[in-house]
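Visitor: If you scroll down you'll find the structure; I have some questions about it.
The values are calculated or read from the model by the stated rules, or taken from the named source; none is laboratory data. From a predicted model like this one, the values you see are computed outputs, not experimental measurements. Virtual Cβ from ideal backbone geometry, glycine too; neighbours counted across all protein chains shown. When the accessible area is computed, the model is the full protein with side chains, heavy atoms only, and any ligands, DNA or RNA have been set aside. Shrake-Rupley method; radii C 1.70, N 1.55, O 1.52, S 1.80 Å.
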Amino acid sequence: MELFESLKLMLTDQLGPFGPVLAAGILGMFLVLLTLPILMRKKADPLDKLKNTSRHVAKPAEQTQKLRTTSSKDKLEKYSNFLEPQDEEEYSVVRLKLMQAGYRSKTAVRTYHFMQFLLGASMLVVGVLYAILQSSTGDPSMQTTMMTILGPGIAGYMGPKYWVTKRQQKRQEEIVNGFPDALDMMLVCVEAGQSLDQSIIRVSREIRAGFPALADEFEIVANEMKAGKDRVTVLRDMSERAGVPDVSSFVTVLIQSASFGTSVADALRVYAAEMRDKRVMRAEEKANTLPTKMTLATMMLTVPPLLIILIGPSIYEIAETLKNANF
């Protein structure tokens, strides 16, 4: 604390009453400028080399047509080196988390980091303005000034991460709750004579009203199978996108059933019964933890009024007796 106070006095003597605020702002800008070269550093992409090489090769007009066109509306594309992680592993982790939260667009990672940067910088500016106002109306300490400036910036930077984490947890909870019903419906479709692909399409339509996240996953699986993608790869991709142990076990059951040539209906029947039992066990677990959670609230809300009712009159009588005795 003495070090902060001496530093604050020195900055106030040198730069005036707003010296600590200006020093904090300059330090923040210096840190931002220091991290920009690190974020802008990018390794040479082999795909970019192929694109540059292909530009110098003359091709017929019918072969110059691109299969995929980049959208001109994406204004953040030129800042992709700054907004997107250049490490492949880090990019994959962020991409998977956003997919599990329901954000599956190609620019999701870029938009996510842009929102972090935008909210962090905006809240940092708000913190600086509030610190200037606080310094003009009073004499806050150096520690208070730093917390006033950095606190909103950190909160703004962590806001998108908190939002995505909550969306991921909510989506996974929805998938867990709707998965037993989806398996029962899929079992009925398979036993009625439909194939696994047709049953997945039917289930995705039927459960959309109650569990849209799970319906989206089944719809993606159906579309990828229609496109000719390998079934094992499609199911494993679904398990990765969902991030739920129940879905991973279901995918493993289907892959093993296809590998060993066993009946899909028998595998679904056994696994659906297991999922129903697990749902009942989860409900019983929550019901058993409810009395423990209510104990503290019960003690706080019932014991003090009960003590007041039982002991209050006695304390009042004792107080009156002592008061009369003094007189």
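Visitor: Suppose all protein chains stay in the model; what accessible area per residue would a 1.4 Å probe give for the range 132-197, in Å²? Could the numbers behind the result be given before it?
Guide: Details: 3540 Å² over 66 residues.
Averaged over the residues of the range 132-197, the accessible area is 54 Å².
Visitor: Also: Summarise the accessible area of the range 205-244 (1.4 Å probe, protein heavy atoms) by the percent that is carbon and sulfur.
Guide: Working: 920 of 2000 Å².
Looking at the range 205-244 in its full context, I get 46 percent from C and S.
Visitor: Any idea what % of Cα-Cα pairs in the range 116-187 are farther than 19 Å?
Guide: Working: 1439 of 2556 pairs.
Above the 19 Å cut-off, the range 116-187 has 56 percent of its Cα pairs.
Visitor: Give 161/226; 226/278; 106/170 a once-over and call out the pairs whose C-alpha atoms are over 30 Å from each other.
Guide: Working: 161/226 35 Å; 226/278 32 Å; 106/170 22 Å.
Violating the 30 Å limit, Cα to Cα: 161/226; 226/278.
Visitor: Could you compute the FRET efficiency for residue 197 and residue 290, with r as their C-beta to C-beta distance and R0 at 41 Å, rounded to 0.05?
Guide: Efficiency, from the Cβ-Cβ distance: 0.45.
Visitor: Taking θ = phi - 60°, what integer Hz values does the Karplus form 6.51 cos²θ - 1.76 cosθ + 1.60 yield along the range 109-117, in sequence order, with x for Gly and Pro?
Guide: Result, rounded to whole Hz: 5, 5, 5, 4, 5, 5, 5, 4, 5.
Visitor: Let me ask something else. In what sequence, highest mean first, do 307-316, 142-151 appear when ranked by Cβ atoms within 10 angstrom? Walk me through the numbers on the way to the answer.
Guide: Details: 307-316: 9.9, 142-151: 18.5.
Highest to lowest by the protection proxy: 142-151, 307-316.
Visitor: Please sort 247-253, 89-95, 226-232, 166-172 by packing, taking for each peptide the average over its residues of neighbouring beta carbons within 10 angstrom, highest first.
Guide: Descending packing order for the listed peptides: 247-253, 166-172, 89-95, 226-232.
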